[in-house]
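The values are calculated or read from the model by the stated rules, or taken from the named source; none is laboratory data. Keep in mind that what you see is a predicted model, and the values were worked out from it rather than measured. Every residue, glycine among them, receives a Cβ derived from its backbone with ideal geometry; neighbour counts consider all protein chains shown. Each accessible area value is taken on the protein alone, full model and side chains, heavy atoms only, with ligands, DNA and RNA left out. Shrake-Rupley method; radii C 1.70, N 1.55, O 1.52, S 1.80 Å.
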Amino acid sequence: MLILEVMDKEPSIRTVWGAALVLGLVGFVAARFRRWLVLPTLAVIGFLAYWQLSELADPAVGPVIIQEAGRGYLIQSCAAVAVAVLLSVLGLVPKRRAA
């Protein structure tokens, strides 16, 4: 049986959270500047989320990743995607007008 180090090829959880926060804040600022600019940001978030989560869902690699990194890696990867999307969408909330 061959033992593979799968996590050597996966981004660290710090990298996942860093990318999620950066993309979420970029989406927030972009939506404040022009509302339609949130769409390209959400497309990038969607592409990166698919890339990350599809490996975790892969029947061959996913269980090995979860075994090496723990279930927390899966949970935090999903949470990071949710935070990135939430931050981007929050930029669409209308600004309050001073009375």
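The requirement of being surrounded by 13 or more Cβ atoms within 10 Å (Cβ to Cβ) and at pLDDT below 95 is not satisfied by residue 42.
Quick check on residue 10: is it more than 17 Å from the chain's Cα centre (by Cα) and not basic (Lys, Arg)? Criteria not met by residue 10. Quick check: is even one residue across segment 79-91 among the small types (Gly, Ala, Ser), touching a Lys or Arg at 6+ places or on another chain (Cβ under 6 Å), surrounded by 11 or more Cβ atoms within 10 Å (Cβ to Cβ) and at negative phi? Looking for residues that are among the small types (Gly, Ala, Ser), touching a Lys or Arg at 6+ places or on another chain (Cβ under 6 Å), surrounded by 11 or more Cβ atoms within 10 Å (Cβ to Cβ) and at negative phi, one finds at least one in segment 79-91, hence yes.
For segment 53-71, the criterion of a residue being in contact with a Ser or Thr (Cβ under 7 Å, 6 or more places away or on another chain) and under 30 Å from residue 5 (Cβ atoms) is satisfied by at least one position. When segment 1-53 is filtered for residues that are over 19 Å from residue 76 (Cα atoms) and without any contact (Cβ under 8 Å) to a residue 12 or more places away in the chain, the ones remaining, listed by number, are 1, 2, 3, 33, 34, 36, 37, 39, 40, 43. For residues that are farther than 16 Å from residue 5 by Cα and among the hydroxyl-bearing types (Ser, Thr, Tyr), scanning just segment 72-88, find the one that is nearest to the chain's Cα centre (by Cα). Within segment 72-88, the match that is nearest to the chain's Cα centre (by Cα) is 77. All but one of (1) at pLDDT 95 or above; (2) within 18 Å of residue 14 (Cβ to Cβ); (3) of a type outside the set (A, V, I, L, M, F, W, C) hold for residue 72, so report the exception by its number. Only one criterion in (1) at pLDDT 95 or above; (2) within 18 Å of residue 14 (Cβ to Cβ); (3) of a type outside the set (A, V, I, L, M, F, W, C) is unmet by residue 72, namely (1). Note on segment 56-75: residues that are among the charged types (D, E, K, R) and open to solvent by less than 60 Å² (accessible area, probe 1.4 Å) amount to 1. Exactly one condition in (1) among the small types (Gly, Ala, Ser); (2) at pLDDT 95 or above; (3) touching an Asp or Glu at 6+ places or on another chain (Cβ under 8 Å) is false for residue 62; which is it? Against the list (1) among the small types (Gly, Ala, Ser); (2) at pLDDT 95 or above; (3) touching an Asp or Glu at 6+ places or on another chain (Cβ under 8 Å), residue 62 comes up short only on (2).
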